[in-house]
Amino acid sequence: MQRREFLASSAITVASATLLAADSPGKIVASERIRVGCVGTGGRAFSLVNSFSRNKNCEVVALADIDPGKFGQAVAAVEKNQGTKPQTVADFRQLIDDKSLDAIVVGTPDHWHAIPTILACLAGKDVYVEKPDGHNIVEGQRMVAAMKKHGRVIQMGTQARTTDRMKSAIEFLKTGALGKCLVARAWESAKQGSIGFPKDREAPPGVDYDMWLGPAPLRPFNPNRFHGRWRWFYDYGTGDLGNDGVHRLDMAAWALSAAGEAQGDAPLSLPTTVSTGGGKWYFDDMQEWPDTLQVTYEFGGKSPKLLTYEMRIWAPYGFLGESEAAAVYGDKGYIIIGNTRWKAFGPGNTVLAEGTGGNDEAAHVENFLDCIKSRQRPNADLETVGHPSSLLCHMGNVASRVNRKLVFDGATETFVNDKEANALRTRTEYRKPWVLPEV
């Protein structure tokens, strides 16, 4: 019997489990743990390393990072959480090739989401990947194709999908208490600072900068194009629309769909048009993506809907009581869903219902690990949840860059009769050897 079949088998007996002692505090026996390798160890990746190594059902066996300076904190966290020291490597492909690993966790910058995910699928491994799914539309499509062809489980890191807070809000919306809902909105108004204009310099000692660039064009090292700030550049990130906006858009679209279904509407599909307003209006620095943005998505068909996204990353205040949130508006009431609470209002702003809860990723990690064993779709399944939510971000970014309203064909995920917009569905060129893998 193969190890993966063993993990999925219901024939593991209590008697056999008692013969093996757990070798880490709080962990189940080693033979039953899911073996995990983590790509990336800083920022969001460190949070994932921490969450996975804390989970009793898995063991973080190996870490990969192009910056050896990031290993110390991550290794210490794994040792503290599970009592064993993980292997550390510079090249993530060693994790892909390790046949003893069951799953790969991808916590890298956006431009490094697709290639490790696809290669892991080709190697028969399941994947937890940070949001958005890829750097562009074609990458996300290729990730979904790899998942489907090779029968893999992929969870995207929109952790609100597994929170009691969102689940309770969705259950309320399913009652139909808000009436006919036609409009939703999502927003970000948390203040961020200028990144200035630092000069190019040598990469930090030990950093494999060429590999960090990967498929992106070769450019001199600049601290703004590296840890933490890479997200503000076209080559590596997807702006704040793909950074934080994907969470709020995912919440808004899910909530709008649930409210519509309560009235007998079909589940929300992909938008039919997208348009934007705004630009880089506030910060005088190296950032390329907009700091001020409004995106409008129209959903056509028998039950048309409207979704708007607003981004003001220079605002030192919230909106409707929340710095980042989603709202749905119906003819009998509306709901505001924040990161720790939600509240629904009726006529005269009477409170219809409310709920609270956190945004912790531990339950999302647990859901992914459970689905590795059950082979069921996770809560943020890449095909049905992660990629569609990521598409909203990519569509908005493309519309912003061409500065016009676009018609979208959801069946092909292309822009209708717009060569310039379709050229932005992928990179002009993938720098060899880091081409997008075929599936």
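The values are calculated or read from the model by the stated rules, or taken from the named source; none is laboratory data. No experiment lies behind these values; they were computed from the predicted model shown. Note: ideal-geometry Cβ built from the backbone for every residue, glycine included; neighbour counts use all protein chains shown.
Odds and ends about this structure:
- Residue within the stretch 216-223 that is in contact with a Gly (Cβ under 7 Å, 6 or more places away or on another chain), surrounded by fewer than 19 Cβ atoms within 10 Å (Cβ to Cβ) and in a loop (DSSP other than H, G, I, E, B) present: no
- In the set (1) surrounded by 17 or more Cβ atoms within 10 Å (Cβ to Cβ); (2) at pLDDT 95 or above; (3) in contact with a helix residue (DSSP H, G or I) (Cβ under 9 Å, 6 or more places away or on another chain), residue 27 fails one condition alone, (2).
- The stretch 356-399 - residue that is closer than 23 Å to residue 121 by Cα and hydroxyl-bearing (Ser, Thr, Tyr) and, of those, surrounded by the most Cβ atoms within 10 Å (Cβ to Cβ): 390
- Checking each residue in the stretch 356-403 for being over 29 Å from residue 271 (Cα atoms) and part of a strand (DSSP E or B) picks out only 356.
- Residue in the stretch 366-388 that is over 26 Å from residue 299 (Cβ atoms), modelled with pLDDT of 95 or more and among the aliphatic types (A, V, I, L, M) present: yes
- Qualifying residue in the stretch 401-409 (condition: buried (at least 20 other Cβ atoms within 10 Å of the Cβ) and of a type in the set (Phe, Trp, Tyr)): yes
- Out of 177, 146, 186, sole residue that is over 23 Å from residue 361 (Cβ atoms), in the same structural domain as residue 331 (by TED's automatic domain parsing) and among the hydrophobic types (A, V, I, L, M, F, W, C): 177
- Elements of type helices (runs of 4 or more DSSP H) contained in the stretch 78-176, each with 2 or more residues being buried (at least 24 other Cβ atoms within 10 Å of the Cβ): 114-122, 137-149, 164-173
- Applying a threshold of 8 Å to beta carbon distances and a minimum spacing of six or more residues, or different chains, the list of pairs starting in the stretch 139-167 at a residue that is within 24 Å of residue 46 (Cβ to Cβ) and modelled with pLDDT of 95 or more and ending at one that is among the β-branched types (Val, Ile, Thr) and part of a helix (DSSP H, G or I) reads 143/117; 143/118; 153/372; 154/117; 156/385; 158/246; 158/385; 161/385.
This table checks each residue for (1) of a type outside the set (S, T, N, Q); (2) touching a residue at least 60 places away in the same chain (Cβ under 8 Å); (3) closer than 21 Å to residue 247 by Cβ; (4) outside the structural domain of residue 256 (by TED's automatic domain parsing).
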residue	(1), (2), (3), (4)
313	yes, yes, yes, no
320	yes, no, yes, no
326	yes, yes, yes, no
330	yes, yes, no, no
348	yes, no, no, no
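- Test for residue 103: is it within 18 Å of residue 154 (Cα to Cα) and either in the same structural domain as residue 117 (by TED's automatic domain parsing) or in contact with a His (Cβ under 7 Å, 6 or more places away or on another chain) (or both): yes
- Residues that are without any contact (Cβ under 8 Å) to a residue 60 or more places away in the chain and out of contact with any helix residue (DSSP H, G or I) (no Cβ under 7 Å at 6 or more places or on another chain) were ranked within the stretch 233-274; the one that is nearest to residue 411 (Cα to Cα) is 266.
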